[in-house]
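All remarks here apply to the structure that follows.
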Protein chains: 2
Amino acid sequence: MAENSVRSVAVVGAGLVGLGWAIVFSRAGLPVTIYDASMEARAAALGRLSASLGDMKAAGLLDNVAELLGRMRVVETLAEAVADADYVQESVFERVNTKTEIANAIGPLLKTGAVVGSSSSGIPASAFIEHATNRERFLIVHPVNPPHLIPLVELVPAPWTDAAIVPAARRFMNMVGQVPIVVNREVEGFILNRLQGALLNEAWALFEEGYASVEDIDLTVSHGLGFRWCFMGPFETIDLNAPGGVADYARRLGPLYHSIAKARSNPKPWNEDLAGRVEAERRQKLAIDQLPERSAWRDRRLMALLRHKNTQSDT
Amino acid sequence: MAENSVRSVAVVGAGLVGLGWAIVFSRAGLPVTIYDASMEARAAALGRLSASLGDMKAAGLLDNVAELLGRMRVVETLAEAVADADYVQESVFERVNTKTEIANAIGPLLKTGAVVGSSSSGIPASAFIEHATNRERFLIVHPVNPPHLIPLVELVPAPWTDAAIVPAARRFMNMVGQVPIVVNREVEGFILNRLQGALLNEAWALFEEGYASVEDIDLTVSHGLGFRWCFMGPFETIDLNAPGGVADYARRLGPLYHSIAKARSNPKPWNEDLAGRVEAERRQKLAIDQLPERSAWRDRRLMALLRHKNTQSDT
């Protein structure tokens, strides 16, 4: 796959993630074939895509809905989806056996030189591509959900992935407007969920120990830490927070952070009782039947934020 | 301090943090007296405030610069600053002996019922107010820097703080437009820096172990995790990320995060060698003499983001 020679893309799995990917590729001008093993999912796909694109148009993110839809085609078989694709994005249900089956099915259908990225958020490629035909052309291409609104993508090779695939996939993801990073080798949770998990673990522990409420811990991020992290990473943030840069910061504050880490050297699981108490606090803020409405609010905020970020300069 | 009876505020310490606080209070319509032990800092204060307010005006955050400046007065003595103040925000240099000296000096000058918030980001109030006059009216009121652009404030009582002070300070901070949270009792790093530290510790470890570059770890946050955390906290984020809410999420993903935490049960310090390697990567992106320019970019982005957030609904 030379990234500038990708002329057609296949999306396998037409759930939320797969359909988000279809928007990403179509937005970049590429024809997209869409396949899902479920007839219901295939039947619903274009309607759901149309609704998502309508929301994006309403948010000012695009205005060529018909053009984007015109580049998407739902097909009835996996073979038809993959046959002409230079790049295949697989987003089927995240279970090892489901991932294994689809990798084994896709492998023999691949066009010469085509690459397969799996949207797996946690299962490493080595767990499901070992016996796939053309396994050297598979890697993890893990998006944040939804991929058409949050651009970060994690590229994680398996031990068998051809070394040339990762940089090519990185260039291709850049070309379609995503922000790819490379995870040099497999690690549990990859980078994004490990960083999220580290913060979550601390948040759960602080709540469990009675230092602050769920709501106050949330505010600390949504009206504090998240301001900088919305446009700068953690290293750049601290690089700008000491007169001499990041090494200066490390000398000043490294001992504090090491002390905090040592205090968490015996981490507890999120047990049922604790989860019940977190749940109770959340349900006071938001009834369970309001989750879909709040998710729609979240997506509106994501769209508005993306539009805001698109107007800003990273330099 | 009944929050609606605060008619005058004193800002003690006219560095970046103190001057940011002066803007917060003046923006809320309150007269502010400003004092710093350094004659140079006093002489420079109004010019620096004027420049900051000009930047905010240029960013569309306010247009009444002269009105705000008109409510600020730099005074020559601590007694003059504090005499009429119903609330005192102390933001002197963060050393225990400096904090102790100023607490001992402010205590006897306080008007009846006045409250003192210290901007301390790490030193707990119990380390410096024990022997202060009126120590029951001191607490930590820790802002994010700069306080006029990032609204989160941590309120942390000392063991001697009058129990009525914390809720009153919370209402007062809400009244002046900040977003206060309560840390129920002292803990190293309070909430914000513990959450930041947890993510930083994981980031440093992932870099040290060769999983990803400094730049890619930064991108994971600035173009991934930070999208949601800019307007939702970690608990709300996961509450919306499982069909059954946060307890459902905990059942599905708690074991993964516990496993990640256990793998970090022997945390290493950020040693000099490692800090040097992080520094080297950052300096390839940004020369040391460009730090001030990049900090100005960060502040422009913060102002634009604040303006964006002000246009959005939290419901």
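The values are calculated or read from the model by the stated rules, or taken from the named source; none is laboratory data. Keep in mind that this is a model prediction, so the values were computed, not measured. Because the Cβ atoms are built from the backbone with ideal geometry, glycine has one as well, and the counts that use them run over all protein chains shown.
So the values come out like this:
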{"quantity": "Any hit, region B:42-59, residues being crowded, with 18+ Cβ neighbours inside 10 Å, modelled with pLDDT of 95 or more and touching a strand residue (DSSP E or B) at 6+ places or on another chain (Cβ under 9 Å)", "calculated": "yes"}
{"quantity": "Test: residue in region B:271-279 that is surrounded by fewer than 21 Cβ atoms within 10 Å (Cβ to Cβ) and closer than 27 Å to A:Phe207 by Cβ", "calculated": "no"}
{"quantity": "Among the candidates B:Glu236, B:Glu215, residue that is charged (D, E, K, R), surrounded by 20 or more Cβ atoms within 10 Å (Cβ to Cβ) and assigned to a helix (DSSP H, G or I)", "calculated": "B:Glu236"}
{"quantity": "Selection within region B:171-195 - facing chain A (nearest Cβ under 10 Å) and either more than 20 Å from B:Ile123 (Cβ to Cβ) or in a strand (DSSP E or B) (or both)", "calculated": "B:Gln178, B:Val179, B:Pro180, B:Ile181, B:Val182"}
{"quantity": "Filter result for B:Val153 (within 21 Å of B:Arg7 (Cα to Cα) and either in the same structural domain as B:Arg301 (by TED's automatic domain parsing) or not aromatic (Phe, Trp, Tyr) (or both))", "calculated": "yes"}
{"quantity": "Which listed residue is over 29 Å from A:Arg251 (Cβ atoms) and either more than 11 Å from the chain's Cα centre (by Cα) or not acidic (Asp, Glu) (or both), from B:Phe172, B:Phe190", "calculated": "B:Phe172"}
